[in-house]
Each structure stands twice: as C-alpha cells, then as structure tokens.
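Since the structure comes first, as structure tokens, the remarks are kept for the end.
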Amino acid sequence: MFYLLIILLQMKLIKQITDLNKALNDQKKIGFVPTMGNLHKGHQALIKISQKKCKKTLVTIFVNPTQFNNKNDYKTYPKSINSDLKILKKLKVDYVYLPTVNQVFVDKKLPKITLNKSQKILCAKFREGHFEAVLDVLNRFVKLISPKSIFMGKKDYQQFFLVKNFIEKNYKTKVYGCKTIRDSNMIALSSRNNLLNKTSLNTLGLVTNRLINLKKAIYKNRLKSKKIIHIIQKDLVKKFKIKVEYLECRNTVDLSTDINSKSFKLFIAYYLNNVRLIDNF
Ligand code: AMP
C-alpha cells in the first residue's frame, strides 16, 4: 500500500495546458515520448531509453484524428487508458500528458506543413496527408514542451526519418530512433496487432519470417533486388491472402532506392484481414 502510494505520488497526470506549463516551468532537460496509447513493450522500451538519457520523461497519449485518412481506422484504433496509466506508473514516468483534441489544435495560425515530391514515397504515397498531420501535431507538442530529446521507434522508420528532419531543422531538440521490439515469433509489437485474431497473428509471424529471409537474400544480391522482391511479393499475396501496398528496398540515409553502396532496409505495408500493418527489416 505504502509502495503504491509512493508510485502514485511520483507520476504527474496532466490534462490541461495550464497545468502542463506549470509543471514544466523549470524543466530544461525533458525526454519526450509521443504515443497514441495502447502501450506495449515497444513503447516501454522508448520510455526506458528516455529515462536513462534524460533527467525527466514526459509521455503523451493522444490519438490524433487528423492523421487518420480512414475514419473507421480512427474509430477502431485500440484504446486502453486505464492499463496504460498503470504501466506508466509502474515505470515511474514523471509526466503523462493527456490532451483533448481542442487543446492540441488551439493555435490555428500555425503554418501548414507540406511534403515535397521526393518525400511522397512508401506510406506517404498511400496515406494522403498522414505525415503532414503527424508533423503538425509534433510541431505543436514541441512548442508546448520544448523537450531536449524525443524518442521514436524505427518500427515506423519513415515517420522517424521525417520527424527527425523536420524537428532538428526547426528546433534545438534531438530526435533519437530506437530499435524495433519484437515478440518471440519476430512479430513487431504494434497496437494494431490487438485487432488481429489468433489465425491472423500466426499468419503475421509467417509473413514476417519470410520477409526477414527476403532481406537476407537481397543483402547477398542487391543488384537483383527488384526481381527477387517481385517473385516473393506474388508468392506472399497468393499464399497468405494479404494485400500488399508496397514492398520496397530503400537506403536508410535519404530513403532513395539507391541501395548499392549504402545500408538499406526492406519496407512493407500490407493489409491482413483488413488491418493495415507496416514493418521494416
Ligand atoms: P504509436 O503509439 O503507435 O503512435 O507509437 C508511439 C511510438 O512508439 C512511435 O515512435 C513508434 O514508432 C514506437 N513504436 C511502436 N511500436 C514499436 C515497436 N515494436 N518497437 C519500438 N518502438 C515502437
């Protein structure tokens, strides 16, 4: 009981901007972990890295409606605020900010953020306006919080890449990419996995392992990457009844398709049982 009381005292749950401003008044070395909640071990890993590197850690839970280009996807996005708060308390997070939509978008005069043509690749090609909205909301959070560092997952590599470029160009804040946390079947942890039944989760494991092997094959023979990908993609669609949006190799430096001299990743987005999943290897 006494132990629980100490944990409760340690975490500040903030719902109003005025309280956020008060709480952060003197804090100069905040580590910031933005999330949409439904927290899993991937989120927890980011929080632990922030806690190691920064004096104080602030986590936001905000399901941003403007970044969903599909209304149903927004409506069905998994929510579990009570268990999220339990996890955050156990981790002894310093601040948790749970803003409302109106609070986040209170400043209507901010300039509109756009992507250039070379950035409209991978998810940006299929989710119109998605990253513009992600950048907009992070811009708003950084203005409010002035974090020293932001910690993001490389599971969403394109998001991490765009946010790092945008935030580090406009602020003193550093953006760190953290490795993807996977389960024992190599499935990348994701809140969306909660929308899958047991059979689909099993398929997800099989698809993931095929993609890990595909990456190894491409690594050995980069020059034939397009041909190898084409064959495997057709096979995955036929065997596992998935709908692939893209399956592409891009380098990790500028996300261009030049993979011959640089380190690269294999990127995929696909629908499994109507749930959109992304990963990279
Ligand atoms: P989300 O709540 O899905 O918006 O994710 C919040 C942050 O957690 C983002 O920076 C994600 O990239 C990161 N994240 C999500 N899944 C994982 C994972 N399996 N491993 C590491 N980071 C992750």
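The values are calculated or read from the model by the stated rules, or taken from the named source; none is laboratory data. In this text the structure is predicted, and so the values were computed from the model without any measurement. As a convention, Cβ positions derive from the backbone with ideal geometry for all residues, glycine included, and neighbour counts pool all protein chains shown.
Annotations
- Residue in region 261-278 that is touching a Gly at 6+ places or on another chain (Cβ under 9 Å) and not charged (D, E, K, R) present: no
- The strands (runs of 3 or more DSSP E) falling completely within region 1-93 that include 1 or more residues that are in contact with a helix residue (DSSP H, G or I) (Cβ under 8 Å, 6 or more places away or on another chain) and within 11 Å of the ligand (Cβ to nearest atom) map to 30-35, 56-61.
- The residues on offer are LYS155, LYS125, LYS164, LYS179, and the sole one that is within 12 Å of the ligand (Cβ to nearest atom), loosely packed, with under 14 Cβ neighbours inside 10 Å and closer than 28 Å to THR208 by Cβ is LYS179.
- Condition check for MET186: surrounded by 14 or more Cβ atoms within 10 Å (Cβ to Cβ) and in contact with a strand residue (DSSP E or B) (Cβ under 7 Å, 6 or more places away or on another chain): no
- Unmet requirement for ILE187, which otherwise passes all of (1) within 11 Å of the ligand (Cβ to nearest atom); (2) touching a residue at least 60 places away in the same chain (Cβ under 8 Å): (2)
- Options ILE278, ILE242, ILE259; residue that is within 23 Å of LYS117 (Cα to Cα), within 25 Å of the chain's Cα centre (by Cα) and at pLDDT 95 or above: ILE278
- Restricting attention to region 223-259, the residues that are basic (Lys, Arg) and closer than 28 Å to VAL163 by Cβ total 2.
- Matching entry among PHE267, PHE240 (being among the aromatic types (Phe, Trp, Tyr) and surrounded by 18 or more Cβ atoms within 10 Å (Cβ to Cβ)): PHE267
- Here is the figure for region 238-281: residues that are polar (S, T, N, Q), within 21 Å of LEU195 (Cα to Cα) and assigned to a strand (DSSP E or B) total 1.
- In the condition set (1) more than 15 Å from the ligand (Cβ to nearest atom); (2) within 19 Å of the chain's Cα centre (by Cα); (3) not small (Gly, Ala, Ser), LEU214 is compliant with all but (2).
- If you go through region 128-152 and keep only what is of a type in the set (Gly, Ala, Ser) and more than 14 Å from the ligand (Cβ to nearest atom), you end up with GLY129, SER146.
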